[in-house]
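One structure below.
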Amino acid sequence: MRRQLLIPGLALPLLLTALTACVAATDGFKPWVYQIEPANEQIERHGNVTAQIRLEKPVFSGSEAADAVNGWLSLEQELKLAAFRDHARQRLDDMEFNGEPVEERLYIDEEESCKIFYNDGVILSIVIDKSAYFAGEPHPAIYRYAYNFDAATGKFLALEDIWGGQAREKAAREIYARIENQGQANNYYPDLAHNLLQGLDAKCWYMDSQNVYIVYNPYTIAPYAAGTLEFALPK
């Protein structure tokens, strides 16, 4: 099993940072320029902050596709914030209804950090790390996913756009064969072939010029202690 640590830790600085994307060797390609834009939201209950979320979103310029990508990412951020508000308020309402005291403590703490993993003027891959802590849980929930775009048009890319039909089946089959050949199947949950296919989330992959990186988050194919598992498959 090959585990790759390709992105920094979850706690990236939330200060507004000006960054410049990678420059490809292609003649005439001008690199996209982007900055990381933070979003913060808090929910108070009885005068105390009981839930909070912190998100990072890249904002692009310098490309004809920038508006399309920015619009897509903005909508995603709005949906995340709305889901957080609904979930946090419902959870707090349920606690009060059940007579659980809402003390001076943070019950829900979510954070997302982003990294521009790859951009060569053809492919744009953005990797997101998420951490969510709920009071009373033994450890935070961690999750990694990604957004992939056609850098020329801004079109959001699915895995099928890279590998064609049966893309998920292809990925699961190749990963299963690799694990079996390495004699590592006992490190995973039973019925590994089924779990690899069913657990392949539509947004849990990213890419560069040579590989597609398939991500399996904790509890998908192995226990939490195994962490986030990634497999690099040649394009």
Q: Tally the residues that are surrounded by 18 or more Cβ atoms within 10 Å (Cβ to Cβ) and either outside the structural domain of TRP32 (by TED's automatic domain parsing) or part of a helix (DSSP H, G or I) (or both), restricting the search to segment 88-138.
A: 2
Q: Check ASN186 against each of (1) of a type outside the set (Phe, Trp, Tyr); (2) more than 19 Å from the chain's Cα centre (by Cα); (3) surrounded by 15 or more Cβ atoms within 10 Å (Cβ to Cβ) and name the one condition it does not meet.
A: (3)
Q: Please enumerate the residues belonging to segment 200-235 that are within 18 Å of LYS130 (Cβ to Cβ), in contact with a strand residue (DSSP E or B) (Cβ under 6 Å, 6 or more places away or on another chain) and free of Cβ contacts under 8 Å to residues at least 60 places away in the same chain.
A: LYS203, TRP205, ILE214, TYR216
(Q) Cβ-Cβ distance below 6 Å, separation of 6 or more or different chains: which pairs start in segment 146-168 with a residue that is farther than 14 Å from TYR206 by Cβ and without any contact (Cβ under 8 Å) to a residue 60 or more places away in the chain and end on one that is assigned to a loop (DSSP other than H, G, I, E, B) and not hydrophobic (A, V, I, L, M, F, W, C)? (A) none
(Q) Given the criteria touching a Gly at 6+ places or on another chain (Cβ under 9 Å) and β-branched (Val, Ile, Thr), does ILE108 qualify? (A) no
Q. Consider LYS170 against the criteria (1) farther than 30 Å from HIS139 by Cα; (2) in a loop (DSSP other than H, G, I, E, B): it satisfies all of them except one. Which criterion is unmet?
A. (2)
Q. Filtering segment 20-48 down to residues that are closer than 16 Å to SER125 by Cβ, of a type outside the set (Ser, Thr, Tyr) and at pLDDT 80 or above, which residue is surrounded by the fewest Cβ atoms within 10 Å (Cβ to Cβ)?
A. ILE36
Q) Got a sec? Which strands (runs of 3 or more DSSP E) wholly within segment 191-235 have at least 1 residues that are surrounded by fewer than 17 Cβ atoms within 10 Å (Cβ to Cβ) and not β-branched (Val, Ile, Thr)? A) 211-216, 229-234
Q) So which of ASN98, ASN119 is farther than 20 Å from LYS203 by Cβ and either among the aromatic types (Phe, Trp, Tyr) or at pLDDT below 95 (or both)? A) ASN98
(Q) I'd like to verify a number: residues in segment 54-87 that are part of a strand (DSSP E or B) and acidic (Asp, Glu), how many? (A) 1
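The values are calculated or read from the model by the stated rules, or taken from the named source; none is laboratory data. The model shown is predicted, which means the values in this text are computed figures rather than measured ones. Neighbour counts run over all protein chains shown; Cβ positions are idealised from the backbone, glycine included.
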